[in-house]
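Peer 1: This is the structure I want to talk about, given as structure tokens.
Since every read-out is calculated from the coordinates, none of them should be taken as a lab result. The structure presented is a predicted model; accordingly, all values stated were derived computationally and were not measured. Cβ atoms come from the backbone with ideal geometry, glycine included; neighbour counts cover every protein chain shown.
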Amino acid sequence: MSATAGGTSGTLLFITSHDSDDDLRDDSRNDSRDDFTTATVPRTVRVHDMRSLPLPPSLDREGFAVLLHTPVATLDMPPEDIRAKALDSVAKAISTAIGANRVFVFDFTVRGTGAGETGMPLERDDSGEIVKRKADRRAHCDYTVESGPRRAAEVLADHAVDVSLPTHFAIYNAWHPLIGPLRDNPLALCDTRSITMDDLRPVDIQQAGGREGQVYEVQQRDTQRWHYVSDMQPEEMLLFVGYDSSAPTRFVPHGAFDDLHARAPVPPRASIEFRVLALFD
């Protein structure tokens with residue numbers, strides 16, 4: 001597979017088919033999520049450049065969009081400063097873009113790569129939440145049919161607001177590099193229209209504070225359409241669906257990928273992601 005105009009090729013980690021154990025490789029020890037237990041295999045896929053699409057991607061169509069914003073978080077900013085300075089800025093940018101009635105930014109993680117196998121070391125804040133991880137190369141969805149509504153209800157309870165979940169709510173991931181141009185382990189997103197539920201396998205995970213979670217891991221199929229933003233800069237933010245109570249853009253598989261045709265120089269990746277609950281009704 002060679003590089004051509006409009007995209008590149010790269011390697012992501014996928015689960016094997018449900019009925020085959022061929023070429024199984026257990027990467028769970030090297031994954032940024034130490035609660036994954038399933039084995040994966042590397043697959044090389046075509047990754048299309050969003051900059052070359054005929055129309056900009058949208059949340060309602062592909063399940064993701066690119067927003068321009070003024071970044072507040074920096075690589076050396078401590079977690080307490082990110083909470084104090086960056087969360088409100090992200091909430092306002094997203095609220096303006098999607099037109100939600102209320103927006104809650106409830107989580108953030110800094111990710112990166114570096115020398116050695118571990119990359120960016122795990123770092124927890126005072127509450128036990130992990131705020132720094134290595135880049136996650138497993139193709140996955142952050143939530144499932146089961147865990148999406150449960151997590152949304154937990155967020156409202158954590159914020160102690162007297163509001164019930166409306167008919168239409170969504171959890172988004174807002175992701176941007178902390179240094180650019182990003183060429184090391186960029187983020188690949190799968191067009192939600194190109195996947196089926198048969199591509200997804202639910203996996204239960206244990207999270208900080210004993211909270212139960214569930215994610216989808218992804219089986220690779222040739223019909224899937226993967227996308228990224230070439231030479232992405234901190235002023236560009238990827239907003240994509242983690243869970244949406246209204247079909248069809250309910251889940252967007254994603255993962256960091258090894259760009260086989262990355263142009264030099266390739267400084268180590270540093271990125272930040274925010275998880276956001278949006279209420280619409």
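Peer 1: Rounded to the nearest Å, what's the spacing between the alpha carbon centres of the stretch 213-267 and the stretch 33-93? Just the number, please.
Peer 2: That distance is 8 Å.
Peer 1: Here's another thing I want to ask about it. Once amide H atoms are built 1.01 Å from N in the peptide plane, which residues 5 or more positions from residue 230, or in another chain, come under 5 Å H to H?
Peer 2: Under 5 Å from the amide H of residue 230: 50, 51.
Peer 1: Excluding residue 248 itself, what net charge comes from residues whose Cβ is under 10 Å from its Cβ, given Lys and Arg +1 and Asp and Glu -1? Intermediate values should be presented prior to the final figure.
Peer 2: Numbers: positive: 61, 193, 250; negative: 60, 244.
After counting each charged neighbour, the total is +1.
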